[in-house]
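Accompanying notes for the structure given below.
Please treat every number below as a calculation from the coordinates, not as lab data. These figures come from a predicted structure and were not determined experimentally. Neighbour counts run over all protein chains shown; Cβ positions are idealised from the backbone, glycine included.
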């Protein structure tokens with residue numbers, strides 16, 4: 001029996017088949033805010049059919065219209081808001097390259113005509129690329145991201161969350177990591193430097209499951225200069241910041257503490273002396289002592305999971321900072337040092353015998369809580385998953401557009417499309433992939449887009 005909730009047509013969810021046969025398999029944990037958002041629609045499963053809410057698009061158009069058009073009015077044939085919305089909807093529906101966007105728009109021209117002006121028809125792919133290359137990408141990202149987050153928060157406020165929904169009151173985690181778009185690099189034919197690949201430093205929010213900001217950087221080596229700048233552009237007060245080892249830098253730590261955040265940062269070979277000191281502190285004898293302590297909840301935690309057919313055991317160790325560590329006073333707010341000791345057991349495909357391997361990762365942190373520390377270490381995978389989605393679902397690594405020629409804008413659209421699809425994925429009770437969602441959307445666009453937009457309706 002179908003019902004209507006706030007303009008969204010839904011039907012009762014099917015009965016579940018009972019618990020999983022694998023007791024070690026854990027369900028995918030949704031980002032906290034998306035979990036709260038999904039809880040407002042608990043017990044329902046979406047039917048995808050035509051139910052378009054143009055009001056949502058018009059609201060988004062109003063927001064996008066605040067982006068300044070820097071083009072000479074004498075040469076403007078296509079409205080900026082038309083090109084932006086056309087590109088965003090096309091990228092959501094499996095379009096990864098410039099040439100695909102006008103083809104998609106022509107195939108769905110009747111639908112686009114309901115809310116776009118298109119005074120001179122559908123722009124060509126080269127025209128779209130040129131227009132997008134002139135957009136203020138920071139403004140574009142901020143406008144659309146704010147629109148999505150505001151709609152999520154509004155629905156949570158108005159509908160509340162299910163009392164039975166197990167949502168812990170935990171510190172959000174913001175993860176920074178760099179990504180290169182390899183195909184955007186160009187070699188020179190005249191012995192010059194050519195064009196470097198597009199390099200991006202991304203900031204990912206575990207709370208929303210979204211990329212929230214980025215800095216496009218000249219090259220990988222200058223990434224450490226941009227981390228404090230990126231941190232200054234996002235709200236990190238009360239949050240935990242994680243980075244890759246490259247960005248474990250004194251100035252990065254200062255930016256985190258000055259912004260009211262905490263940090264859990266890995267230490268590797270780029271800080272060889274400190275790295276060596278941490279290896280000495282967490283030797284096998286000390287690890288065994290911590291394991292065997294009767295009251296070790298504050299400095300020891302162990303988890304076991306099945307991942308890709310392997311058994312992965314993670315042991316977390318956390319100790320107060322040692323003043324004898326190399327240049328320990330340089331790290332502002334430093335309170336603890338930590339270790340993640342990972343043991344992986346997999347089956348050899350030839351011999352069928354179990355094969356064990358170990359991996360140690362060392363950290364400096366401003367946290368004293370083992371729960372927060374272990375969550376931050378494990379939670380950094382979120383930004384790595386973002387990069388995986390961009391490369392394998394949105395084919396960003398195959399984007400041949402050079403930096404400064406629209407590559408930045410196209411990547412922004414892919415991230416924004418991913419953010420929207422993550423909302424849909426969180427609400428769906430099925431374990432449906434982003435890739436499958438995009439493909440389904442491309443096959444039955446007008447049928448599905450209405451429900452997606454209605455998720456964001458007032």
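Quote to one decimal, in nm, the extra length available between residue 154 and residue 435 on full extension: 0.36 nm per residue of separation minus the C-alpha distance between them.
98.4 nm
Zone of residue 97 (label point 7 Å along Cα→Cβ, backbone N under 12 Å): which residues in the stretch 423-448?
none
How high is the relative contact order of the stretch 245-379, in percent, with contacts defined as C-alpha pairs under 8 Å that are six or more residues apart?
It rounds to 27 percent for the stretch 245-379.
Could you work out the relative contact order of the stretch 326-371, using alpha carbon pairs under 8 angstrom and six or more residues apart, expressed as a whole percent?
About 44 percent, as a whole number.
Which order do the peptides 347-358, 133-144 take when ranked by the mean count of other beta-carbon atoms within 10 Å per residue, highest first?
133-144, 347-358
Using a cut-off of under 19 Å, list every residue of the stretch 58-73 whose amide N is near the label point 7 Å from the Cα of residue 458 along the Cα-to-beta-carbon line.
58-66
Roughly speaking, what is the stretch gain from residue 225 to residue 118, that is 0.36 nm per residue apart minus the C-alpha to C-alpha distance, in nm to one decimal?
34.3 nm
Modelling each spin label as a point 7 Å along the Cα-to-Cβ direction, I'd like the residue 136/residue 283 distance in nm, to one decimal.
That separation, rounded to one decimal, is 5.8 nm.
If we count other beta carbons within 10 Å of each Cβ, what is the order of 115, 439, fewest first? Kindly include the intermediate steps, with their values, before the conclusion.
Numbers: 115 17, 439 12.
Starting with the residue having the fewest Cβ neighbours, the order is 439, 115.
Which of 76, 424 comes first, and how do the rest follow, when ranked by fewest Cβ neighbours within 10 Å?
Details: 76 13, 424 19.
Going from sparsest to densest Cβ surroundings: 76, 424.
Could you tell me the center-to-center distance, by alpha carbons, between the stretch 329-366 and the stretch 215-237 in angstrom?
If we compute the Cα centre of each part, the gap is 27 Å.
So, by mean Cβ neighbours within 10 angstrom, what's the order for 298-307, 171-180 with the highest one leading?
Working: 298-307: 14.2, 171-180: 23.0.
In descending order of packing, they fall as 171-180, 298-307.
Please order 246, 416, 443 by the number of other Cβ within 10 Å, starting at the fewest.
Final ranking by Cβ density, sparse to dense: 443, 246, 416.
Return the distance in nm (one decimal) between the two label points of a simple spin-label model at residue 378 and residue 237, each offset 7 Å from Cα along Cα→Cβ.
Taking the simple label geometry, residue 378 and residue 237 are separated by 3.0 nm.
Assuming R0 = 45 Å, can you tell me the calculated FRET efficiency for the pair residue 357 and residue 146, based on Cβ-Cβ distance, to the nearest 0.05? Walk me through the numbers before you get to the answer.
On the way: r = 44 Å, r/R0 = 0.98.
Rounded to the nearest 0.05, the efficiency is 0.55.
Considering only C-alpha atoms, what is the centroid distance from the stretch 252-294 to the stretch 398-458, in Å?
Here the answer is 38 Å between Cα centres.
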